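For reference, the structure is listed below as structure tokens.
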Amino acid sequence: MIEQTPQSAVETSVVTLTTVAANKVRELLQQENDPSLGLRIFVAGGGCSGLQYGMTLDEQQEGDTVISQGDFSVLADEMSLGYISGSEVDYVDSLMGAGFTVNNPNAVSSCGCGHSFKTAEGGGEARGCACGH
């Protein structure tokens, strides 16, 4: 007789949003009034640290990872997912300006404005911020 035991699975969220960030996304989605939209988080080359974050309201595309946030979804393509896995998205409204920021455990250095970063695979060398912040 072979006994099978279920394997335990640990669920880790790929990307989390702070309450403030989630509320801001809800506000933006409500303004768009299109239930097919979610928050797309992506990574592209550029910025003063080599890679930069981008966010937009978008529809789900083939191959996307969809992260449910209850009443809306966060979308990420496969390439971006490797860079942002484990990140927390926040929304900051201060005297210096307002916007989303990403707290990324994969980044070994980041720009002073929080919009660009470098990973260990990208050389891991920190350099000064050239964005003026």
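The values are calculated or read from the model by the stated rules, or taken from the named source; none is laboratory data. Fair warning: this is a prediction, and the values are worked out from it, not measured in the lab. Quick reminder, even Gly has a Cβ in these numbers, built from the backbone with ideal geometry, and neighbours come from all protein chains shown. SASA here: full protein model, heavy atoms, side chains in, ligands and nucleic acids out. Shrake-Rupley method; radii C 1.70, N 1.55, O 1.52, S 1.80 Å.
As a summary of the residue check, Thr101 satisfies the conditions (1) of a type in the set (S, T, N, Q); (2) farther than 15 Å from Thr16 by Cβ; (3) part of a strand (DSSP E or B); (4) out of contact with any Ser or Thr (no Cβ under 6 Å at 6 or more places or on another chain) except for the one numbered (2).
Restricting attention to segment 93-108, the residues being open to solvent by less than 40 Å² (accessible area, probe 1.4 Å) and of a type in the set (Asp, Glu) number 0. Exactly one of (1) at pLDDT below 85; (2) closer than 21 Å to Leu17 by Cα; (3) open to solvent by less than 60 Å² (accessible area, probe 1.4 Å) is unmet by Gly122. Its number? Unmet condition: (2). Scanning segment 17-70 for residues that are in contact with a Phe, Trp or Tyr (Cβ under 7 Å, 6 or more places away or on another chain) and free of Cβ contacts under 8 Å to residues at least 24 places away in the same chain yields one hit, Gly54. Identification of strands (runs of 3 or more DSSP E) wholly contained in segment 36-92 with 2 or more residues that are open to solvent by less than 30 Å² (accessible area, probe 1.4 Å) yields 37-45, 73-76.
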